[in-house]
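Visitor: My questions will all concern the structure given below.
The values are calculated or read from the model by the stated rules, or taken from the named source; none is laboratory data. Every value quoted in this text rests on a predicted model; they were computed, and no experiment measured them. No Cβ is skipped: glycine too gets one built from the backbone with ideal geometry, and neighbour counts run over all protein chains shown. Quick note on the areas: whole protein, heavy atoms, side chains included, nothing else; ligands and nucleic acids left out. Shrake-Rupley method; radii C 1.70, N 1.55, O 1.52, S 1.80 Å.
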Amino acid sequence: MSALDELPPLRDVIRRHGLSAQKSLGQNFLLDLNLTGRIARASGPLEGATVVEVGPGPGGLTRALLALGAQRVIAIERDQRCLDALAEVSDHYPGRLEVISGDALKVDVRPLVGEGQGEGEGQGEVRVVANLPYNIATLLLIGWLSTDPWPPWFSSLTLMFQKEVAERIVAVPGSKAYGRLAVLAGWRTTARIAFDVAPSAFVPPPKVTSSVVHLVPRAEPLPCALSALEKVTEAAFGQRRKMLRQSLKSLGVDTAALIAATGVEETARAEEIDVAGFVRLANMFAQLKAGMPPGQVAR
């Protein structure tokens with residue numbers, strides 16, 4: 001029996017159901033219920049909230065989310081071997097756990113949580129909390145950050161990544177980790193690393209340290225078309241060692257006019273431009289692409 005709830009210890013659950021983490025699914029099971037409770041608490045007070053969890057596995061984090069008061073957990077699990085273990089958790093918390101068997105990259109949870117619930121606070125708030133499968137973690141994050149309309153259907157993301165990826169998400173201009181992912185995350189959210197997790201916390205232990213990242217959507221990000229921002233950052237960071245006057249030539253517009261109109265130094269490199277600078281570049285790129293003259297751009 002665990003201190004968290006009256007369910008059996010996770011090691012017993014895994015042994016009884018013959019579960020083993022599969023590398024092909026990016027699985028690393030968390031068995032320490034104190035740690036899963038810490039991850040759940042990092043998302044904020046859970047009372048009355050709906051939580052979307054990706055890759056629950058045998059249900060360690062799922063149990064923590066429910067024990068700490070989540071009104072409802074929607075868990076998306078691709079590995080059918082784990083469904084029986086999750087069914088036991090569902091039986092223990094009647095009506096509060098919904099398990100969806102499927103690929104998280106293909107499952108649209110918005111109809112299940114209701115559009116717009118993430119915008120409010122308290123009752124009905126929707127959060128994403130997950131120990132993400134490492135092989136799809138970045139793809140999932142980019143999908144959530146690319147949600148339209150914005151503000152999104154979730155009020156926060158509390159996610160486990162490899163530490164190297166976490167550092168790329170929260171990176172600031174001038175750092176080696178700063179890139180397209182940091183620009184996208186910084187444009188639409190405020191992101192921070194909540195804490196690190198040692199390899200020994202997982203079964204099997206990965207070769208690297210992991211980190212829990214907490215992201216909160218900005219209510220009003222700087223106005224910008226996502227597609228334009230993606231193209232500008234792809235061009236700039238695709239040749240990050242080159243100055244912008246060279247790297248942005250692939251955009252197919254007048255590079256000199258683009259840079260001059262946005263107040264960015266033409267000799268700067270991608271890693272030196274902050275989020276606001278990239279937004280100005282993206283907006284001007286879209287304007288030039290549409291055949292409109294540069295005009296005046298706010299700086």
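Visitor: Scan the stretch 44-90 residue by residue and report those that are at pLDDT 95 or above, open to solvent by less than 10 Å² (accessible area, probe 1.4 Å) and in a loop (DSSP other than H, G, I, E, B).
Guide: Within the stretch 44-90, 46, 49 meet the criteria.
Visitor: Just one of (1) open to solvent by 60 Å² or more (accessible area, probe 1.4 Å); (2) not in a strand (DSSP E or B); (3) not basic (Lys, Arg) trips up residue 190, so point out which.
Guide: (2)
Visitor: Of all residues being modelled with pLDDT under 95 and not in a helix (DSSP H, G or I) in the stretch 272-291, which is farthest from residue 224 (Cα to Cα)? Just the residue, please.
Guide: 291
Visitor: Let me ask you something else. Look at residue 94 and say whether it is over 21 Å from the mean Cα position of the chain (by Cα) and buried (at least 24 other Cβ atoms within 10 Å of the Cβ).
Guide: Answer is no for this residue.
Visitor: Using the structure shown, decide if residue 93 is among the hydroxyl-bearing types (Ser, Thr, Tyr) and over 18 Å from residue 48 (Cα atoms).
Guide: Here the answer is no, as residue 93 does not meet what is asked.
Visitor: Taking residue 105 as the residue in question, decide whether it is hydrophobic (A, V, I, L, M, F, W, C), at negative phi and either open to solvent by less than 60 Å² (accessible area, probe 1.4 Å) or in a helix (DSSP H, G or I) (or both).
Guide: no
Visitor: Output the residue which, of all residues in the stretch 193-204 that are open to solvent by 40 Å² or more (accessible area, probe 1.4 Å) and of a type outside the set (S, T, N, Q), is nearest to residue 146 (Cα to Cα).
Guide: 193
Visitor: In the stretch 265-299, how many are hydrophobic (A, V, I, L, M, F, W, C), open to solvent by 20 Å² or more (accessible area, probe 1.4 Å) and within 22 Å of residue 185 (Cβ to Cβ)?
Guide: 3
Visitor: Look at residue 207 and say whether it is at pLDDT below 95 and either surrounded by 20 or more Cβ atoms within 10 Å (Cβ to Cβ) or out of contact with any helix residue (DSSP H, G or I) (no Cβ under 6 Å at 6 or more places or on another chain) (or both).
Guide: Judged against the criteria, residue 207 is a match.
Visitor: Here's another thing I want to ask about it. Do any helices (runs of 4 or more DSSP H) lying entirely in the stretch 217-271 carry at least 3 residues that are aliphatic (A, V, I, L, M), and which ones are they?
Guide: 226-238, 255-262
Visitor: Something else about it: Note down all Cβ pairs under 6 Å where the first residue falls in the stretch 62-84 and is at positive phi, the second is open to solvent by 10 Å² or more (accessible area, probe 1.4 Å), and they're at least six residues apart or on different chains.
Guide: From residues that are at positive phi, the pairs are 69/47.
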